Amino acid sequence: MGISVPNISNANFSQFKGKTDKVAPSGTNAAYQSFSVSKATEFNFKINNTFTDVQILDQSNKVVAQIKSQTDVADTSARLGPGTYTAVISQANKAAGVRDYSLDVSEKKNVLMTSGGAVLSATAQPPANGDSGVQKHTFNVVQGGTFTANMTLPNSRWALMGKDGKVVASSETTTPDEQVDFFKKPTYKIEPGEYQMIIVPSSKLAAATPFQMSFVPRDPTLQAAGTNQESAISKTLREREARLQQWAAQGSSTSTSA
């Protein structure tokens, strides 16, 4: 009976655990984990151990992804086509003996965002083995605009970052954002481009939890019906109009007294 090879395309999250009780070509202690991919997908690979190297090899032994952790966990991402792959997990230090290892694999979402908004559906994993459960996903914004954000995962943090590392939107959730009054939510102006969404779940998350992160278009001039509170843009326009009227009055007074 052959050994079953897990198909990582069948799950949003996979975790490989074991011991580095084999030997790598470099002579260090290592472990070998085979897995298959049934459809072309971009995956996140995260090693939860320090001073550990990971190589993902395709069927021709070509390295398609590589991780080198130092004093903290490390990750990378790679787009894999259908086929069988091998993860080689080895100790960075040749003097290190047999150690436990934990390698997380999750699908990296590529979300298309238009002026109508966008929705990311994923599953948060509880922290373990020094892993904080941080997720990274790609947002491709083809049509920009002003948006509010809804995060259904309580006690989490998120940030949307441009390629230059600048944060264009971020928030924390003590309660799911969908429970907050729509007109009290912050708005974010997001221009077209490619962004990275970073999500940090609660350190107290006890079990795998599905969640949604969505952006909803928002007209910044709207305000809640029946309230006297004016929008920020309306206030700015009103104050500017008042200053123009004051300036015009002062100019008129000066010209008549001349």
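Between residue 204 and residue 146, residue separation times 0.36 nm minus the direct Cα-Cα distance comes to 17.6 nm.
Considering only the other residues whose Cβ falls under 13 Å of the Cβ of residue 76, what net charge follows from Lys and Arg at +1 and Asp and Glu at -1? Every neighbour counted, the sum reads +1.
Sequence-distant contacts, meaning Cα pairs under 8 Å at least 6 residues apart, place the relative contact order of segment 110-217 at 44 percent.
The alpha-carbon positions of segment 110-217 define a convex hull whose volume is 93 Å³ per residue.
Placing R0 at 45 angstrom, the Cβ-Cβ distance between residue 172 and residue 19 gives a FRET efficiency of 0.75 after rounding to 0.05.
According to the calculation over all Cα-Cα pairs in segment 8-107, the P(r) per 10 Å bin from zero is 16, 53, 27, 4 %.
Near residue 145: Cβ cut-off under 13 Å, other residues only, Lys/Arg at +1 and Asp/Glu at -1. The net charge is 0. Taking Lys and Arg as +1 and Asp and Glu as -1, the other residues whose beta-carbon sits under 12 Å from that of residue 54 total -1.
I need the fraction of alpha carbon pairs in segment 72-134 separated by more than 16 Å, rounded to a whole percent. Of all Cα-Cα distances in segment 72-134, 66 percent exceed 16 Å. Pairs from the table (39/204; 136/204; 163/204; 94/204; 19/68; 22/136) lying more than 25 angstrom apart at Cα are 39/204; 163/204; 94/204; 22/136.
Throughout, read-outs are computed from the coordinates displayed, never taken from laboratory work. Nothing here was measured: the structure is a model prediction, and the numbers come from that model. Here Cβ is always computed from backbone atoms with ideal geometry, including for glycine, and neighbour counts include all displayed protein chains.
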